[in-house]
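Undergrad: Take this structure first; my questions come after.
The values are calculated or read from the model by the stated rules, or taken from the named source; none is laboratory data. None of the values given here were measured: they were computed from a predicted structure. Positions of Cβ are backbone-derived with ideal geometry, glycine not excepted, and every protein chain shown enters the neighbour counts. Please note that ligands, DNA and RNA were not included when accessible areas were found on the heavy atoms of the full protein model with its side chains. Shrake-Rupley method; radii C 1.70, N 1.55, O 1.52, S 1.80 Å.
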Amino acid sequence: MPANLTPQYLEAELKFKQVKTTPEKIKALEVMMAVIPKHKGTERLRGQLKSRMAKLKEDLQKRPTVGKAEQAYNIKREGAAQIVLLGLPNSGKSSLLSQITNASSEVADYPFTTQKPIPGMMKFENLQIQLVDVPPVQLDHIEPGFPNLIRNADALLLLVDLTEDPIFQMEILLEELNGMRIKVVGKGPIPSLEVGWVSLPALLIGNKCDVKDAMDAYRRLESHFRDASPILPISAKERMNFDELKKEIYQILNILRVYTKIPGKEPDLTEPVILKKGSTVGDVALSIHKDFAAKLRYAKIWGSGKFDGQMVKRDFLVNEGDVIELHI
Ligand SMILES: Nc1nc2c(ncn2[C@@H]2O[C@H](COP(=O)(O)OP(=O)(O)OP(=O)(O)O)[C@@H](O)[C@H]2O)c(=O)[nH]1
Ligand SMILES: [Mg+2]
């Protein structure tokens with residue numbers, strides 16, 4: 001060790017050894033670098049301090065920050081719609097994701113198993129719908145990014161465990177959503193909302209219907225909520241009622257599928273155009289290209305028209321399953 005290190009430097013070095021966190025270490029190291037005598041005898045030591053600093057800064061970059069946690073909640077939307085699975089700990093969200101989609105999410109009999117969102121794709125007829133498993137809803141803590149993921153979803157599946165006071169669980173979920181200024185819409189008209197609120201369609205699900213007496217609990221849950229929302233019993237574990245579940249999910253999305261065809265050719269029924277209910281022939285054209293929509297003169301429609309191949313204008317409302325030939 002060079003003999004000519006100052007007390008000032010030694011004090012800074014002591015501080016460096018005492019502190020624990022990376023930002024504190026960086027601060028202490030900065031002081032050491034500032035006060036170290038700068039001459040030939042300390043050249044090597046100064047080099048070491050520099051590389052130590054580089055290492056610490058690298059560690060700081062690697063540490064998960066609030067921003068990173070938030071990023072985990074940024075799930076890219078894929079397929080026809082993005083649906084978030086919400087529920088209290090152990091309600092069976094990860095079981096459902098693992099059983100009904102191509103993805104897998106850890107399942108365990110202890111609460112708080114899921115730590116970050118996991119997306120998976122569910123096949124329904126000729127559609128792929130994205131389901132997102134998330135950590136359980138907690139009363140006292142919301143991860144940054146979580147409310148946004150929910151607000152941006154197309155719909156929610158609210159999962160309750162039928163073996164654990166399901167009405168109470170559902171009330172907690174609805175209250176938590178209220179706190180995030182999210183209004184769940186089930187049956188009936190969409191309510192007018194105050195600024196800052198969003199409305200989301202939701203399907204209520206009573207899970208674990210395979211367990212003894214669970215169906216009694218389901219009937220109580222149903223009589224409590226059936227006027228407000230669509231509701232269904234399932235068993236994620238035993239894959240019970242999955243066909244019905246998929247149909248109900250499609251229903252709450254409020255979308256429809258139409259198929260376009262080229263004159264003289266058959267339509268491709270594996271490639272639906274997905275539109276909001278209430279869309280028109282003009283919207284079908286727009287989904288292909290905006291120039292197409294601008295130049296559209298008329299369309300021929302099979303399905304909802306009075307007769308097959310009927311000529312319709314751009315404001316004609318399309319229905320589920322219609323086949324449409326656009327003419328420009
Ligand atoms: N009998 C029965 N058990 C189920 C069913 N679905 C889930 N379970 C069990 O319930 C426990 C919790 O399941 P998970 O899928 O991990 O629940 P989760 O909602 O993802 O839990 P967190 O990630 O902690 O919020 C596990 O022991 C599962 O095996 C079901 O349909 N029937
Ligand atoms: Mg889970």
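Undergrad: Only one of (1) in contact (Cβ under 8 Å) with a residue 60 or more places away in the chain; (2) more than 16 Å from ligand 2 (Cβ to nearest atom) fails for Y218. Which number is that?
TA: Status for Y218: all satisfied but (1).
Undergrad: Ok, one more. Name every residue in segment 12-33 that is loosely packed, with under 13 Cβ neighbours inside 10 Å, free of Cβ contacts under 8 Å to residues at least 24 places away in the same chain and either of a type in the set (D, E) or within 21 Å of D59 (Cβ to Cβ) (or both), in order of residue number.
TA: The answer is K17, Q18, K20, T21.
Undergrad: Please go through segment 125-136 and give me each residue that is assigned to a loop (DSSP other than H, G, I, E, B) and either away from ligand 2 (no atom under 11 Å from the Cβ) or under 30 Å from K276 (Cβ atoms) (or both), ordered by number.
TA: Selection gives E125, N126, V134.
Undergrad: Read through the list (1) over 16 Å from S91 (Cα atoms); (2) of a type outside the set (D, E, K, R); (3) outside any strand (DSSP E or B), then give the number of the only condition that L200 fails.
TA: Exception for L200: condition (3).
Undergrad: Given the criteria modelled with pLDDT of 90 or more, over 18 Å from L149 (Cβ atoms) and open to solvent by 40 Å² or more (accessible area, probe 1.4 Å), does K76 qualify?
TA: So K76 fails the test.
Undergrad: Here's something else I'd like to know. For the structure I just gave you, tell me whether K50 is open to solvent by 60 Å² or more (accessible area, probe 1.4 Å), within 14 Å of ligand 2 (Cβ to nearest atom) and over 27 Å from V211 (Cα atoms).
TA: No, not satisfied.
Undergrad: Somewhere in segment 279-299, is a residue of a type in the set (D, E, K, R), surrounded by 11 or more Cβ atoms within 10 Å (Cβ to Cβ) and in contact with a His (Cβ under 9 Å, 6 or more places away or on another chain)?
TA: The answer is no, given that none of the residues of segment 279-299 is of a type in the set (D, E, K, R), surrounded by 11 or more Cβ atoms within 10 Å (Cβ to Cβ) and in contact with a His (Cβ under 9 Å, 6 or more places away or on another chain).
Undergrad: Only one of these conditions is not met by D140: (1) within 13 Å of ligand 1 (Cβ to nearest atom); (2) surrounded by fewer than 21 Cβ atoms within 10 Å (Cβ to Cβ). Which number is it?
TA: Among (1) within 13 Å of ligand 1 (Cβ to nearest atom); (2) surrounded by fewer than 21 Cβ atoms within 10 Å (Cβ to Cβ), the lone unmet condition for D140 is (1).
Undergrad: Further, regarding this structure: If only one of D268, D322 is charged (D, E, K, R) and open to solvent by less than 20 Å² (accessible area, probe 1.4 Å), which one is it?
TA: Sole residue among the options that is charged (D, E, K, R) and open to solvent by less than 20 Å² (accessible area, probe 1.4 Å): D322.
Undergrad: If you don't mind, there's one more thing I want to ask. Among the hydrophobic types (A, V, I, L, M, F, W, C), free of Cβ contacts under 8 Å to residues at least 60 places away in the same chain, in contact with a Lys or Arg (Cβ under 8 Å, 6 or more places away or on another chain) and away from ligand 1 (no atom under 13 Å from the Cβ) - does that describe any residue in segment 51-63?
TA: yes
Undergrad: Which one is most open to solvent (accessible area, probe 1.4 Å) among residues in segment 99-124 that are in contact (Cβ under 8 Å) with a residue 40 or more places away in the chain and outside any strand (DSSP E or B)?
TA: Within segment 99-124, the match that is most open to solvent (accessible area, probe 1.4 Å) is K116.
Undergrad: Go through E164, E194 for me and flag whichever is within 16 Å of ligand 2 (Cβ to nearest atom), open to solvent by 30 Å² or more (accessible area, probe 1.4 Å) and not in a helix (DSSP H, G or I).
TA: E164
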